[in-house]
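What follows is a short report on a single structure.
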Amino acid sequence: MQDPGTGLSEAINAGFAEMPTTIEYINWLGDDDLLAPNALETASSYLDNHPETVLVFGGCSYIDPNGQILWTNKSGSFAVPLLRFGPDLIPQPGALFKKTSFEKVGGLDSRFDWAFDFDLLIKLSKTGRLSYLDTLLSSFRWHPESLSVEYRKKSVAEASRVRVSHLPAALRPISFVWEIPVRLATLMAGNRVTSKSKKRTASL
């Protein structure tokens with residue numbers, strides 16, 4: 001595959017575009033993403049048996065550089081309606097979604113550097129069901145070099161832009177009422193995980 005050289009989102013789009021038409025379900029993995037045993041089989045089996053579902057997701061453990069669990073995200077089904085007004089609690093690693101649905105919504109939006117996966121989730125939620133499986137499907141290695149940690153403030157600000165862009169026009173002027181506390185809460189939660197990771201690493 002030829003990398004278009006225009007950013008991560010476009011590279012992912014290009015990779016998916018070159019996949020055979022027989023591929024039904026897709027996702028991507030970052031450098032710090034790990035799949036749980038049988039994650040793909042579990043997720044694809046659910047999609048096979050639930051045609052109304054366009055994306056399935058499960059739990060995700062946040063681990064330190066040594067593989068020790070810092071926190072496990074088991075947000076549950078309530079994470080889906082929360083997408084429009086709160087933080088993104090749907091773990092992208094371990095999720096699986098329909099290739100046809102991805103193409104239908106236009107793929108990843110290259111205007112976003114960090115929150116393009118969040119934007120995709122909201123777009124997919126408009127086309128069908130996002131379903132939660134009560135099982136661990138992935139892990140994310142949390143360390144200071146991770147893009148989502150190192151550039152957390154920019155990532156949180158961009159996620160806010162994504163949420164607001166999907167609101168009805170009438171609500172956008174007053175979105176600051178909930179966006180400010182959501183952004184602060186998201187930053188504080190990330191800082192707690194980072195602090196725990198640093199303490200764990202320093203003690204070894």
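Just wondering, is there one or more residues in region 145-164 that are at pLDDT 90 or above, crowded, with 18+ Cβ neighbours inside 10 Å, in contact with a strand residue (DSSP E or B) (Cβ under 8 Å, 6 or more places away or on another chain) and outside any loop (DSSP other than H, G, I, E, B)?
No, because not a single residue in region 145-164 is at pLDDT 90 or above, crowded, with 18+ Cβ neighbours inside 10 Å, in contact with a strand residue (DSSP E or B) (Cβ under 8 Å, 6 or more places away or on another chain) and outside any loop (DSSP other than H, G, I, E, B).
In this structure, is Ser77 under 14 Å from the mean Cα position of the chain (by Cα) and under 23 Å from Ala115 (Cβ atoms)?
So Ser77 does not fit the description; no.
Can you name every residue in region 1-57 that is acidic (Asp, Glu) and over 21 Å from Arg141 (Cα atoms)?
Result: Asp3, Glu10, Glu18, Glu24, Glu41, Asp48, Glu52.
Only one of (1) under 17 Å from Leu136 (Cα atoms); (2) touching a Ser or Thr at 6+ places or on another chain (Cβ under 9 Å) fails for Gly76. Which number is that?
Answer for Gly76: the failing condition is (2).
Go through region 48-66 and count every residue that is farther than 20 Å from Leu121 by Cα and either among the basic types (Lys, Arg) or at pLDDT 95 or above (or both).
1
What about Arg129, is it surrounded by fewer than 18 Cβ atoms within 10 Å (Cβ to Cβ) and at pLDDT below 95?
Answer is no for this residue.
With the condition kept exactly as written, say whether any residue in region 133-144 is of a type in the set (A, V, I, L, M, F, W, C) and surrounded by fewer than 16 Cβ atoms within 10 Å (Cβ to Cβ).
no
Taking Gly30 as meeting all but one of (1) modelled with pLDDT under 95; (2) crowded, with 20+ Cβ neighbours inside 10 Å, write down the number of the exception.
If we test Gly30 against (1) modelled with pLDDT under 95; (2) crowded, with 20+ Cβ neighbours inside 10 Å, just (2) comes out false.
Let me confirm something: among Ala95, Ala43, Ala115, which residue is crowded, with 21+ Cβ neighbours inside 10 Å and more than 24 Å from Ser160 (Cα to Cα)?
Of Ala95, Ala43, Ala115, the one residue that is crowded, with 21+ Cβ neighbours inside 10 Å and more than 24 Å from Ser160 (Cα to Cα) is Ala43.
The values are calculated or read from the model by the stated rules, or taken from the named source; none is laboratory data. Remember, predicted model here, so these are calculated numbers, not experimental data. Using ideal geometry, Cβ is built from the backbone for each residue, glycine included, and neighbour counts are taken over all protein chains shown.
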